[in-house]
Amino acid sequence: VKRVVALSTDKASSPINLYGATKLTADKLFVAANNYSHAYGTSFAVVRYGNVMGSRGSVIPFFQEIATQGKPLPITDLRMTRFWISIESAVKFVIDSLEMMSGGELYVPRIPSMKIIDLARAVAPNSELEEIGMRPGEKLHEEMISADDSRRTIILENRFVVTPVVAEWGYKEPKGTRMSEGQAYRSDTNDLWMLESDIKNFLRNL
């Protein structure tokens, strides 16, 4: 096996619960593995992205089911924002990352954010929204690159590359624009957004 990619999640960035902490641990282990495996010709990298629209467990079918019952849609916090990516885009991103990796990278796609209330209104425009409060371990806004990791992040055309802290195997950074130090990649401060109309167009093609 020459190349291995771990699938990570936004919860691994600045984790606030055990699940996120274990995902971050997996990310660190995969990157550090290159220090040992490089001599054997195997490279390890990580791909991290947000919620996959329309996938199993997505909030979209949940909202659709609630709407058919004529009940208000439960929203944990009306201010909440999330990153979103389609199933097709997520698969393509993983394959592209597998092809371009040299080992030690943590790839993050540049994807849009959306407000949860915009998603709810796009899925069920005639339903009321009911704010029920955030669940334990839930974030108000998602983060995929922490402020501390920004100093090691390179911006390419369609992705961010978080480079390894220790790279004894001789890692070479890709050519691109360096991310501003102290700038976190968060769903609420993202420069790409899906508006309610964009979400409706996407839902028609699901």
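Would you tally the residues in the range 56-95 being touching a residue at least 12 places away in the same chain (Cβ under 8 Å), β-branched (V, I, T) and within 18 Å of T9 (Cα to Cα)?
5
Take E99 and tell me if it is open to solvent by 40 Å² or more (accessible area, probe 1.4 Å), in a strand (DSSP E or B) and not aliphatic (A, V, I, L, M). Before the answer, list the steps.
Values: open to solvent by 40 Å² or more (accessible area, probe 1.4 Å): yes; in a strand (DSSP E or B): no; not aliphatic (A, V, I, L, M): yes.
No; evaluated as a whole, the condition is false for this residue.
Hey, among the residues in the range 1-21 that are over 16 Å from the mean Cα position of the chain (by Cα) and either closer than 18 Å to S146 by Cα or not aliphatic (A, V, I, L, M) (or both), which one's least open to solvent (accessible area, probe 1.4 Å)? Before you say what the answer is, go through the steps one by one.
Narrowing the range 1-21 to residues over 16 Å from the mean Cα position of the chain (by Cα): 1-4, 17-18.
Narrowing further to those that are either closer than 18 Å to S146 by Cα or not aliphatic (A, V, I, L, M) (or both): 2-3, 17-18.
On the way: K2: 137, R3: 115, N17: 53, L18: 134 Å².
Per the stated criteria, the residue is N17.
For a quick check of your reading: which strands (runs of 3 or more DSSP E) sit entirely within the range 108-188 and have at least 1 residues that are touching a Ser or Thr at 6+ places or on another chain (Cβ under 9 Å) and of a type in the set (S, T, Y)?
Values: elements: 113-115, 129-131, 143-145, 153-155, 159-162.
By residue number, 113-115, 153-155.
The values are calculated or read from the model by the stated rules, or taken from the named source; none is laboratory data. The shown structure was predicted, so the numbers you read here are calculated from the model rather than taken from an experiment. Using ideal geometry, Cβ is built from the backbone for each residue, glycine included, and neighbour counts are taken over all protein chains shown. Quick note on the areas: whole protein, heavy atoms, side chains included, nothing else; ligands and nucleic acids left out. Shrake-Rupley method; radii C 1.70, N 1.55, O 1.52, S 1.80 Å.
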